[in-house]
1. Considering only segment 330-355, state which residues are of a type outside the set (A, V, I, L, M, F, W, C) and surrounded by 18 or more Cβ atoms within 10 Å (Cβ to Cβ).
2. Which of the residues belonging to segment 262-274 are open to solvent by 90 Å² or more (accessible area, probe 1.4 Å), farther than 15 Å from residue 229 by Cβ and touching a residue at least 12 places away in the same chain (Cβ under 8 Å)?
3. When you scan segment 130-146, how many residues do you find that are surrounded by fewer than 21 Cβ atoms within 10 Å (Cβ to Cβ) and of a type in the set (D, E, K, R)?
4. Could you list, in sequence order, all residues of segment 362-375 that are open to solvent by 10 Å² or more (accessible area, probe 1.4 Å) and touching a residue at least 40 places away in the same chain (Cβ under 8 Å)?
5. I'd like the full set of residues that are aliphatic (A, V, I, L, M), in a helix (DSSP H, G or I) and crowded, with 17+ Cβ neighbours inside 10 Å, limited to segment 470-494.
6. Where the second residue is of a type in the set (Phe, Trp, Tyr) and crowded, with 16+ Cβ neighbours inside 10 Å and the first is closer than 18 Å to residue 374 by Cβ and free of Cβ contacts under 8 Å to residues at least 12 places away in the same chain and lies in segment 302-321, which pairs have Cβ atoms under 8 Å and are six or more apart or on separate chains?
7. Tell me, please, whether a residue that is free of Cβ contacts under 8 Å to residues at least 24 places away in the same chain and under 28 Å from residue 57 (Cα atoms) can be found in segment 173-182.
8. Can you pull out every residue in segment 495-509 that is assigned to a helix (DSSP H, G or I), open to solvent by 60 Å² or more (accessible area, probe 1.4 Å) and either more than 17 Å from residue 418 (Cβ to Cβ) or in contact with a helix residue (DSSP H, G or I) (Cβ under 6 Å, 6 or more places away or on another chain) (or both)?
Amino acid sequence: MSTNIVPITIREAPWQNLAGEIVIGKDILELLSSSMYVDPMTIYREYAQNAADSIDQARADGQLAADAGKVTIHLDIPGRNVKIRDNGTGIAHADFAGRLTAFGASKKRGRGARGFRGVGRLAGIGYCQELIFRSRVAGETKVSELRWDCKKLKTILRSSEEYHDLRDAVSQVVELRRIAPTDFPERLFEVELRGIIRHRNDQLLSAAAINTYLSQVAPVPFRPDFPFRDQILKHVSPHIRLGDLRVEIGEAGGQVYRPHSESMEIGVGVLDAFTDVELVNIEGIDGETACVGWVLHHSYTGALPSACNVRGFRVRCGNIQVGDDRMFEELFPETRFNAWSVGELHIIDPRIVPNGRRDHFEQSVHFHNLLTHLTPVAREITRRCRTSSVQRKWTRDFELRETAIREKAAIIKQGALNRGDRYGMTEEIKAGVAFLNGIITKGILPAPLVADLKKRKDKVERDVTKILNTPVKVSALADVPSSKRRAYEEFIGLIYKCSASQANAKLLVDKILARIT
């Protein structure tokens, strides 16, 4: 008997959009300010980035010449205040309050601007008592001013009862007014941070620290005397808008330039020069140019100190650095070799997007394609590092053996060895010369170095041959009675055999000979 089983169909309820009001709590402010920008120095990057976008717009509108973009940073150290002003387009009063109190609603997205998430202006909230924005556009008779009471905001954020809503919190801490333009130019945007919080040796008020930081991350120009500047700009400029800014810090801080120069300090008083530049092009998935860049080659003597401010293979988007000097270290077969390198990559493909904190990139097939194409570049840098290490090793071995040969020749010339010890040391000298010749003929050293080492080897060989071919007519112990001479020779031979330093042993033997003769 068969039984037919009829399947039961369960009909699922359809999805529906939410009908109620979405609650946006006050804590979103903390997430978008201090939690987003954990390194206090990033506030200078964010405000420089916004200034660069505004200045680019002013250039596009014909309000500024191509080389007239300027950002000034004024430090009031006794008052613990900072003012950052640019000469870009500014924000008209009609848009001023709305633009500066909107969250994540930037109008820049999709327009090729550096900042497009609409949160960078909040970077200073966590590091000062008051945050003030000022703006004026051409034709306006007054300056718009908006003030955040950051001290009061922190109190509200710590509260567990009041101001749960974002709008309520903002309304309690933000004030707006217009002031007479007594000392303000016709067009500006200014950020003022009052009551800077002391942090990390007070770096936020250190002109030197700000200069060092912005020289690495901001869109500032190369130094005029940087020898590879023109080659790099010729390679990069056709693909991206560099938007170089003239950034000046205070009256004595001077203009900020990129940290690259003709050479770098790799140790106290020790310089290493850049020898040449390698230009890089990386293709995207569709065959288009995804990014361009460059690598500066040098002696690759070891990991570069962080104080030189150029180490590592770095990446920039909109000519603003993303992340730090360790961004691509995982691409190297040995991560340590990233710290030996000096290079930079400029992103062109708009589908390779920095994350909100600009400390890395959003993960995508386009970003992973970039990593795939960068791997051979990292391997080539690694090859140079290893080759340099091998060359230094053999050069050091040459110098050590050369010194040892000369020390042994000086001992033979001293004339205090017996015949057997003299013969043994002579054979060691011959083996040392053969070792020098082997280094020269290995084929792993560059031709100029080989030529220099060959000259040194030939001179050592001539000097030593002259000593070895000179007959020992009179021993240094000739005046010592023959009954004692053999004992002295044996003793002196033991000194040389047991000493870790032949040079020090010879000095000791010289003193002994002076005493006994």
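1. We begin by selecting, within segment 330-355, every residue of a type outside the set (A, V, I, L, M, F, W, C); these are 330, 333-336, 338, 341, 343-344, 346, 349-351, 354-355.
Scanning segment 330-355 gives 338, 341, 343, 344, 346, 349, 354.
2. Initially, segment 262-274 is screened for residues open to solvent by 90 Å² or more (accessible area, probe 1.4 Å), giving 262, 265, 268, 271.
Next, only the ones that are farther than 15 Å from residue 229 by Cβ stay: 265, 268, 271.
Passing the criteria: only 265.
3. Within segment 130-146, residues that are surrounded by fewer than 21 Cβ atoms within 10 Å (Cβ to Cβ) and of a type in the set (D, E, K, R) number 4.
4. First, the residues of segment 362-375 that are open to solvent by 10 Å² or more (accessible area, probe 1.4 Å): 362-366, 368-369, 371-373, 375.
Result: 365, 366, 369, 371, 373, 375.
5. Scanning segment 470-494 gives a single hit, 492.
6. Listed pairs, sorted by first residue: none to list.
7. Initial filter on segment 173-182 (free of Cβ contacts under 8 Å to residues at least 24 places away in the same chain): 182.
So of that shortlist, the ones also under 28 Å from residue 57 (Cα atoms) come out as 182.
So far as segment 173-182 goes, yes, one or more of its residues are free of Cβ contacts under 8 Å to residues at least 24 places away in the same chain and under 28 Å from residue 57 (Cα atoms).
8. From segment 495-509, those assigned to a helix (DSSP H, G or I) are 495-498, 502-509; that's our starting set.
Applying the additional criterion that residues be open to solvent by 60 Å² or more (accessible area, probe 1.4 Å) yields 497-498, 504, 507-508.
The answer is 504, 507, 508.
The values are calculated or read from the model by the stated rules, or taken from the named source; none is laboratory data. Please read these numbers as outputs of a predicted model, since none were measured by experiment. Using ideal geometry, Cβ is built from the backbone for each residue, glycine included, and neighbour counts are taken over all protein chains shown. These area figures cover heavy atoms from the full protein model, side chains too; ligands, DNA and RNA do not enter into them. Shrake-Rupley method; radii C 1.70, N 1.55, O 1.52, S 1.80 Å.
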